[in-house]
Amino acid sequence: MSNTKDITGKTFVTEAYGLSDKKNMVSFYQKWADEYDHQMLEILQYLSPTMIAELLLQYLPRQQVKILDIGCGTGLTSKLLHSRGYQNLDGLDFSADMLRVADNRGIYRDLFEADLNQPLDIADGYYDAAISSGTFTHGHVGPEPLDEVFRILKNNGIFACTIHLDLWRSRGFASKLQDMIDQALIRCLYREQGCFYKDGEPEGWFCIYQKLSTK
């Protein structure tokens, strides 16, 4: 039975990493939404949502801050934030089915169905912080939306995210973020490699960036 579960879990991740367009991604998450937590937490022992959330909390002393969970999925990242007393949580995802599962947790103030590759219908400087786990990975989102992410943050706002190691240079994340640093738009507060799964090899960067004041 354990071997069967392990194969199912690996198939799940392999299929997710192989997605190349929005239509396929929507179909994939429609199929897996109700099994996502089971596959990721119980079978694959997925760590990065709680790890990146723990990192973010080191930079957010006030529980009243407004946080946007980008690519929130079923809400694994915000689940930890909510348990620590952070109540002003909004979530954004392109999958209506994942949002349905997230909504059932009862931890979000608001949820938005949106494509991160398109302009976001959110006012400039609205959020104190944003967080993203598992969005910047194979077949999903490149570095282009980072401008939008920082646009919706307040001056000195914090963005916590994971970025897959294989994509850091090849997809342009390293150059994009360095350009933003060089332009004094953001600064890096933390960047370390870490494991996405228990007992696995380091697969990604765990990053904390701060939007610099434009005044």
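The values are calculated or read from the model by the stated rules, or taken from the named source; none is laboratory data. Model, not experiment: these values are computed from the prediction. Every residue, glycine among them, receives a Cβ derived from its backbone with ideal geometry; neighbour counts consider all protein chains shown.
Filtering the range 100-112 to residues that are within 16 Å of Ile131 (Cα to Cα) and not small (Gly, Ala, Ser) leaves Ile107, Tyr108, Arg109, Asp110, Leu111, Phe112.
Here is a yes/no grid of residues against (1) surrounded by fewer than 15 Cβ atoms within 10 Å (Cβ to Cβ); (2) closer than 20 Å to Thr137 by Cβ; (3) hydroxyl-bearing (Ser, Thr, Tyr); (4) modelled with pLDDT of 90 or more:
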| residue | (1), (2), (3), (4) |
| --- | --- |
| Glu42 | yes, no, no, no |
| Leu47 | no, yes, no, yes |
| Ile52 | no, yes, no, yes |
| Leu55 | no, yes, no, yes |
| Gln63 | yes, no, no, yes |
| Lys66 | no, no, no, yes |
| Gly91 | no, yes, no, yes |
| Asp110 | yes, no, no, yes |
| Leu116 | no, yes, no, yes |
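Could you tell me which of the residues Leu146, Leu153 is in contact with a Leu (Cβ under 8 Å, 6 or more places away or on another chain) and at pLDDT 95 or above? After applying the criteria, what remains is Leu146. Those strands (runs of 3 or more DSSP E) of the range 76-137 in which 2 or more residues are farther than 24 Å from Asn156 by Cα and basic (Lys, Arg) are absent. Within the range 177-198, the set of residues being in contact (Cβ under 8 Å) with a residue 60 or more places away in the chain and within 14 Å of Ser48 (Cβ to Cβ) comprises Gly194, Cys195, Phe196, Tyr197, Lys198. Here is a check on your reading of the model: is Tyr36 at pLDDT below 95, over 24 Å from Glu148 (Cβ atoms), among the aromatic types (Phe, Trp, Tyr) and in contact with a Gly (Cβ under 7 Å, 6 or more places away or on another chain)? Yes, satisfied. Looking across Phe136, Phe159, one residue alone is aromatic (Phe, Trp, Tyr), at pLDDT 95 or above, crowded, with 20+ Cβ neighbours inside 10 Å and closer than 21 Å to Phe196 by Cβ. It is Phe159.
If I ask for residues that are assigned to a strand (DSSP E or B) and farther than 21 Å from Ala130 by Cα, which ones from the range 196-215 would you list? Tyr197, Pro202, Glu203 - these are the residues of the range 196-215 that are assigned to a strand (DSSP E or B) and farther than 21 Å from Ala130 by Cα. Please tell me if Asp179 is surrounded by fewer than 21 Cβ atoms within 10 Å (Cβ to Cβ) and either outside any loop (DSSP other than H, G, I, E, B) or out of contact with any helix residue (DSSP H, G or I) (no Cβ under 8 Å at 6 or more places or on another chain) (or both). Yes.
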